[in-house]
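No value in this document is a laboratory result; all are computed from the given coordinates. Everything numeric here is computed off the predicted structure, so don't read it as measured data. Cβ: placed from backbone, ideal geometry, glycine included. Neighbour counts: every protein chain shown.
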Number of protein chains: 2
Amino acid sequence: MIPKRSKYAIKALTALAKVYRDKQHMSIATIAEQERIPRKFLEAILLQLRNEGMVNSKMGANGGYFLVKHPDEIMLSAIIRSTGGPIALIPCVSLNFYEECVECPHEDLCGLHEVMLEVREASIHILSKTSLADLILREKKLFRKSENARK
Amino acid sequence: MIPKRSKYAIKALTALAKVYRDKQHMSIATIAEQERIPRKFLEAILLQLRNEGMVNSKMGANGGYFLVKHPDEIMLSAIIRSTGGPIALIPCVSLNFYEECVECPHEDLCGLHEVMLEVREASIHILSKTSLADLILREKKLFRKSENARK
DNA sequence: ATAACTCCTATTAAAATAGTAGTATATTTA
DNA sequence: TAAATATACTACTATTTTAATAGGAGTTAT
């Protein structure tokens, strides 16, 4: 599982993506309320994302956060990584949280290692082809679908 | 990430699978030493797997654990589940650790939910088609490959 | 009988996670 | 320039989970 901070980050950045035009910004408080994320926690998350260069901010009254890149270019895998969420199921196949298996004499000869690599690749494949823009598009489609179903 | 207990369980059951013929058994101490798993920890894990019906045991001197089913029929997904390892990346798409999103008004309209479902399906697809027998086969292939590479 | 096992309950240490508090600093606007 | 509204930053805390250990009771082969 990825930590809540990763999920909150995705939600918050999606909110920013929805107002992305000419670097339009939104305050922490607004995002927190809209996405129902604890305000102070979100503050910490956005600060981190800013230091990673994923977003930028404007201080002072009428300030807030905004995306640096186009929503098309921000992939879920990048957000998860920036917020410390591991995608792999075990450390010996993780790109960002790699740890050697103490009990495994030869990683390259381990069948489990090989399978877990495949799982990681499958997950990363999906997460790194899905952008914030895709998420928004998906939501629109889901909404239309549910509208049609009600008729 | 799945907990270490899940990885240990897979390793231990693979060891049992390797001696699976006519319900051949192995003691905790032997498995622990061979797979380099802390003995007392492994004891707890195997006990749980036994209570889940995944293995059986024989008490007393010359006793030990043995598989109840053929290694072909024991899938990695089942082992991970039995040992409490979540496969999904977020709780709202987890089969065994499902939790509603507090911040999500309608799960069915959530784009992230949809993507994470796809990731879960991709992971489960691999993990539930891979058996202990497959793991052993993979290891044999990897070994042969490395032997050939050395020539 | 005794050595070699599993069974079972309880406990503990460490780490990770989620979230909070409070103050300093920057910016707009009236 | 003062007030209001934001972010920046540091530090802290509570809770939960994980990994692992301790120790004795019960079981069986020899």
Exercise. Counting just the residues of segment A:105-151 that are polar (S, T, N, Q) and assigned to a helix (DSSP H, G or I), which one comes out farthest from A:VAL55 (Cα to Cα)?
Worked result: A:ASN148
Problem set entry | Members of segment B:43-55 found to be in contact with a strand residue (DSSP E or B) (Cβ under 8 Å, 6 or more places away or on another chain) and surrounded by fewer than 15 Cβ atoms within 10 Å (Cβ to Cβ), listed by number | B:ARG50
Exercise. So which residues in segment B:83-92 are surrounded by 19 or more Cβ atoms within 10 Å (Cβ to Cβ) and more than 10 Å from chain A (Cβ to nearest Cβ)?
Worked result: B:THR83
For this session: Check B:GLU107 against each of (1) touching an Asp or Glu at 6+ places or on another chain (Cβ under 7 Å); (2) of a type outside the set (Val, Ile, Thr); (3) free of Cβ contacts under 8 Å to residues at least 40 places away in the same chain and name the one condition it does not meet.
Result: (1)
For this session: Just one of (1) surrounded by fewer than 15 Cβ atoms within 10 Å (Cβ to Cβ); (2) within 13 Å of DNA strand D (Cβ to nearest atom); (3) in contact (Cβ under 8 Å) with a residue 60 or more places away in the chain; (4) not polar (S, T, N, Q) trips up A:ARG5, so point out which.
Result: (1)
For this session: Could you run through segment B:111-135 and say how many residues are within 7 Å of another protein chain (Cβ to nearest Cβ) and of a type outside the set (S, T, N, Q)?
Result: 10
Problem set entry | Residue in segment B:93-101 that is surrounded by 20 or more Cβ atoms within 10 Å (Cβ to Cβ) and under 30 Å from A:ARG138 (Cβ atoms) present | yes
Exercise. Scanning segment B:1-19 for residues that are of a type in the set (Lys, Arg) and within 14 Å of DNA strand C (Cβ to nearest atom), which turns out farthest from the other protein chains (Cβ to nearest Cβ)?
Worked result: B:ARG5
Exercise. Looking at segment A:18-88, what helices (runs of 4 or more DSSP H) fall wholly within it and have at least 3 residues that are near DNA strand D (Cβ under 9 Å from one of its atoms) and not aliphatic (A, V, I, L, M)?
Worked result: A:39-51
Problem set entry | Any hit, segment A:136-150, residues being touching a strand residue (DSSP E or B) at 6+ places or on another chain (Cβ under 8 Å) and more than 9 Å from chain B (Cβ to nearest Cβ) | no
